[in-house]
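Enquirer: For reference, the structure I am asking about is given below.
The values are calculated or read from the model by the stated rules, or taken from the named source; none is laboratory data. Since the structure is predicted, the reported quantities are computational estimates derived from the model, not experimental observations. Cβ coordinates were reconstructed from backbone atoms using ideal geometry, including for glycine residues, and neighbour counts include every protein chain displayed. All accessible areas refer to the heavy atoms of the entire protein, side chains included, with ligands and DNA or RNA removed. Shrake-Rupley method; radii C 1.70, N 1.55, O 1.52, S 1.80 Å.
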Amino acid sequence: SVTSYRFELIVSDGDLFSEPDIVTITVLENVPPTADAGEDDEVDQGTVVTLSGAASSDPNGSDILTYYWTSLDATILLSNVSSSAPQFLAPDVSDITDYMFSLYVMDDDSLLSDTDEVTITVLQNVDR
């Protein structure tokens, strides 16, 4: 929501009064940021995969985002869970396997986004 405050100033020298000068200050509500974990993707096993939260945003504009990535599979280790673009090595799989990752972001006012998820499908490389 938006709140506006109106201030009016009139000055006097003791005899005469000035015309009023008016200023309006508008205060915008700080809205939580939006996490965007990127598009689902398919990769070959043994591939270095880079996730991307770069499309995450804060509608308030200049707020700094902090990234929090989580692998929903304990066997996958991300290189830097507080980066906008962490990496992992797609494991060898015996069948096509989906791995899910979640991302939430925080702005510089400590407001948290909802979680967004991305699925990376690891394909079995039959040439290996």
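Enquirer: Let me spell out the model: positive unit charges on the Cβ of Lys and Arg, negative unit charges on the Cβ of Asp and Glu, origin at the Cα centre of the chain. What dipole size does that give, in debye rounded to 20?
Expert: Dipole about the Cα centre, nearest 20: 320 debye.
Enquirer: Quick one: if the Förster radius is 41 Å, what FRET efficiency do residue 102 and residue 3 give, using the C-beta to C-beta distance and rounding to 0.05?
Expert: Efficiency for this residue pair is about 0.75.
Enquirer: Which FRET efficiency, nearest 0.05, do residue 114 and residue 42 yield, Cβ-Cβ r, R0 22 Å?
Expert: For residue 114 and residue 42, the calculated efficiency is 0.30.
Enquirer: Turning to a different aspect of this structure: In nanometres, what is the gap between the two model label sites at residue 27 and residue 85, each 7 Å from Cα along Cα-to-Cβ?
Expert: 4.0 nm
Enquirer: Another question, then. Going by Cα centres, segment 67-128 and segment 2-25 are how many Å apart?
Expert: The distance from the Cα centre of segment 67-128 to that of segment 2-25 comes to 56 Å.
Enquirer: What part of the accessible area of segment 46-128, given as a whole %, is carbon or sulfur when the probe is 1.4 angstrom?
Expert: 48 percent
Enquirer: Determine, for each peptide in 12-24, 73-85, 33-45, 108-120, the mean count of other beta carbons within 10 angstrom over its residues, then list the peptides with the highest first.
Expert: 33-45, 108-120, 73-85, 12-24
Enquirer: Apply the Karplus parameterisation 6.51 cos²θ - 1.76 cosθ + 1.60, with θ equal to phi minus 60°, to every residue of segment 108-124 and state each ³J(HN,Hα) to the nearest whole Hz, in sequence, with x for glycine and proline.
Expert: For segment 108-124, the Karplus-derived couplings read 6, 9, 6, 8, 9, 7, 6, 7, 10, 10, 9, 10, 10, 9, 9, 9, 6 Hz, x marking Gly and Pro.
Enquirer: What's the extension gain from residue 34 to residue 50 if we count 0.36 nm per residue and subtract their Cα-Cα distance?
Expert: 3.8 nm
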